[in-house]
Amino acid sequence: MTFVEEAAIHISPLAAPSKDFARRLMSIGENRLELLMVEVQEERERLLHAILLALAVALFAFLAGVALTIAVVLLFWSLSPVGVLLGLTAVYVGAAVLLYGRFAALLHNWKSFPATIGELRKDRACLEKCLA
């Protein structure tokens with residue numbers, strides 16, 4: 001028996017746990033990748049739905065705003081044309097500032113891929129615990 005054959009016999013029992021660990025690690029990685037892909041698809045669909053709804057809301061709000069503006073201007077034109085236009089401008093600026101604040105808060109609190117990140121953190125903690 002050669003030295004290489006003897007070394008292979010002695011290493012074989014040591015390699016089994018490493019192979020199992022590598023298989024488990026690959027399986028966990030595959031599961032996490034599948035979860036990430038599902039979340040990417042869900043995120044894309046949710047974002048598209050939100051954009052379409054926002055566009056529809058904006059369109060109808062704009063049409064309603066135009067109709068209301070015309071009605072208010074015609075109603076109060078005889079009293080003070082400049083005052084009516086300035087008043088409506090103030091209302092529109094106030095609404096824009098309020099909506100911008102809500103939009104900024106929405107972007108600040110947006111979390112992408114929370115399940116994948118949570119699972120990866122659990123995996124890291126478990127791996128650190130096993131290796132410690």
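Coordinate-derived values only; no laboratory data. Being a predicted model, the structure only gives us computed values, none of them experimental. Cβ sites come from the backbone with ideal geometry, for glycine too, and all protein chains shown count toward neighbours.
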Residue 121 paired with residue 50, simple spin-label distance in nm, labels 7 Å along Cα-to-beta-carbon: 2.0 nm
Hz values of 3J(HN,Hα) by residue in region 31-40 - Karplus curve (6.51, -1.76, 1.60), Gly and Pro given as x: 4, 5, 5, 4, 4, 4, 5, 4, 5, 4
Debye, to nearest 20: dipole size of region 3-131, +1 on Lys, Arg Cβ, -1 on Asp, Glu Cβ: 460 debye
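Fully extended, how many nm does the chain gain between residue 18 and residue 35 (0.36 nm per residue separation, minus their Cα-Cα distance)? Please report the intermediate quantities before stating the final value.
On the way: separation 17, 0.36 × 17 = 6.12 nm, distance 2.55 nm.
So the chain would gain 3.6 nm between residue 18 and residue 35.
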Options 97, 71, 51, ranked by Cα towards positive dipole end of the chain, top entry (Cβ charges): 71
Extreme residue, positive dipole direction of the chain, given options 36, 88, 26 (C-beta unit charges): 88
Phi-based couplings in Hz for region 95-106 (Karplus 6.51, -1.76, 1.60; Gly and Pro marked x): 5, 5, 5, 4, 5, 4, x, 5, 5, 4, 5, 4
Gained length - residue 103 relative to residue 72, 0.36 nm times residue gap less alpha-carbon distance: 8.3 nm
